[in-house]
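Have a look at the structure below, then the notes.
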């Protein structure tokens, strides 16, 4: 009950902050939105239209900067990938609301070509619209930082960190050179929206320059693609059948992506408290995915 009260207090405090913003025309109507695992969000309607307001500050534990996120969100709007950012300050972001369906894993698998297509547009176009500080995302550095955090805090999975870090070294060594692109780096199914005419890509907390391979592998890892689906992802993105070296890099990155989600959940246990989110269960689910994906990688490619 205490945890529920704490969550309710957090939502009430967030709602009060959103209502107090000076950008609304008339009295705003707020409806809480579900689905976020690190922020508190509302659909807000005033006399001029509808918006999504999200409350959540910087998260140094996850290398998340709201200033850099706003830069990425503005660039994504300029590139035609994401709704317009209309306000960003003091841990709050307000974007125009889009009437659209949020994707599930099954939706992403069924619409793989369009999902890969919008990621390719992101990689080819978004970086040209980035003004201000450009961030970098390299999952292997992030995993090492997460491992350090778990050990420092004596997390229950701290004894597993040395093994994971050895695996991280091998997965990183399997990567192949690709052009530096601006990636999304959080392609969970819920970040794809379909308004009936087109797809949108939302949530730019981890938007940064990096390798296309992470987004491609994450689509497969986060939406449970089979082998045929994974071939479709790579052939759609690269326009041809990938060589063996690219396949190996993809499967290695898929394991890294699953491990990142798992350890993200573990680190979040230590620092975050989004209402209604079970970080332990989240970490457990993705740790299971990682072990399965990594075992398949070892079976196919050795260590």
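The values are calculated or read from the model by the stated rules, or taken from the named source; none is laboratory data. Bear in mind the structure is a predicted one, so any value in this text is a computation, not a measurement. So basically every Cβ, Gly included, is an ideal-geometry build from the backbone, and we count neighbours across all protein chains shown.
In the set (1) surrounded by fewer than 16 Cβ atoms within 10 Å (Cβ to Cβ); (2) more than 28 Å from residue 24 (Cβ to Cβ); (3) touching a helix residue (DSSP H, G or I) at 6+ places or on another chain (Cβ under 8 Å), the condition left unmet by residue 102 is number (2).
Checked against the criterion of being in the same structural domain as residue 238 (by TED's automatic domain parsing) and either under 30 Å from residue 28 (Cβ atoms) or in a helix (DSSP H, G or I) (or both), the candidates 71, 118 yield just one match: 118. Do we have residue 60 as loosely packed, with under 14 Cβ neighbours inside 10 Å and either modelled with pLDDT of 90 or more or within 22 Å of residue 119 (Cα to Cα) (or both) here? It is true that residue 60 is loosely packed, with under 14 Cβ neighbours inside 10 Å and either modelled with pLDDT of 90 or more or within 22 Å of residue 119 (Cα to Cα) (or both).
Provide a single number: the residues in the range 9-34 that are in a loop (DSSP other than H, G, I, E, B) and closer than 18 Å to residue 90 by Cβ. Matching residues across the range 9-34 total 6. Please work out if residue 232 is under 19 Å from residue 293 (Cα atoms), touching a helix residue (DSSP H, G or I) at 6+ places or on another chain (Cβ under 6 Å) and surrounded by fewer than 18 Cβ atoms within 10 Å (Cβ to Cβ). It is true that residue 232 is under 19 Å from residue 293 (Cα atoms), touching a helix residue (DSSP H, G or I) at 6+ places or on another chain (Cβ under 6 Å) and surrounded by fewer than 18 Cβ atoms within 10 Å (Cβ to Cβ).
Against the numbered list (1) more than 24 Å from residue 54 (Cα to Cα); (2) touching a helix residue (DSSP H, G or I) at 6+ places or on another chain (Cβ under 7 Å), residue 239 comes up short only at (2).
The residues in the range 74-105 that are part of a helix (DSSP H, G or I) and in contact (Cβ under 8 Å) with a residue 60 or more places away in the chain can be counted, and the count is 3. If I ask for residues that are free of Cβ contacts under 8 Å to residues at least 24 places away in the same chain, in contact with a helix residue (DSSP H, G or I) (Cβ under 7 Å, 6 or more places away or on another chain) and either surrounded by fewer than 20 Cβ atoms within 10 Å (Cβ to Cβ) or part of a helix (DSSP H, G or I) (or both), which ones from the range 159-213 would you list? If the condition is that a residue be free of Cβ contacts under 8 Å to residues at least 24 places away in the same chain, in contact with a helix residue (DSSP H, G or I) (Cβ under 7 Å, 6 or more places away or on another chain) and either surrounded by fewer than 20 Cβ atoms within 10 Å (Cβ to Cβ) or part of a helix (DSSP H, G or I) (or both), then 161, 165 are the ones that fit.
Taking (1) surrounded by fewer than 18 Cβ atoms within 10 Å (Cβ to Cβ); (2) in contact with a helix residue (DSSP H, G or I) (Cβ under 7 Å, 6 or more places away or on another chain); (3) at pLDDT 95 or above in turn, residue 35 satisfies each apart from (3). Any residue at all in the range 254-262 that is surrounded by fewer than 23 Cβ atoms within 10 Å (Cβ to Cβ) and either in contact (Cβ under 8 Å) with a residue 60 or more places away in the chain or within 24 Å of residue 117 (Cβ to Cβ) (or both)? Within the range 254-262, one or more residues are surrounded by fewer than 23 Cβ atoms within 10 Å (Cβ to Cβ) and either in contact (Cβ under 8 Å) with a residue 60 or more places away in the chain or within 24 Å of residue 117 (Cβ to Cβ) (or both). Which one is nearest to the chain's Cα centre (by Cα) among residues in the range 215-229 that are surrounded by fewer than 23 Cβ atoms within 10 Å (Cβ to Cβ) and assigned to a helix (DSSP H, G or I)? In this case the residue turns out to be 222.
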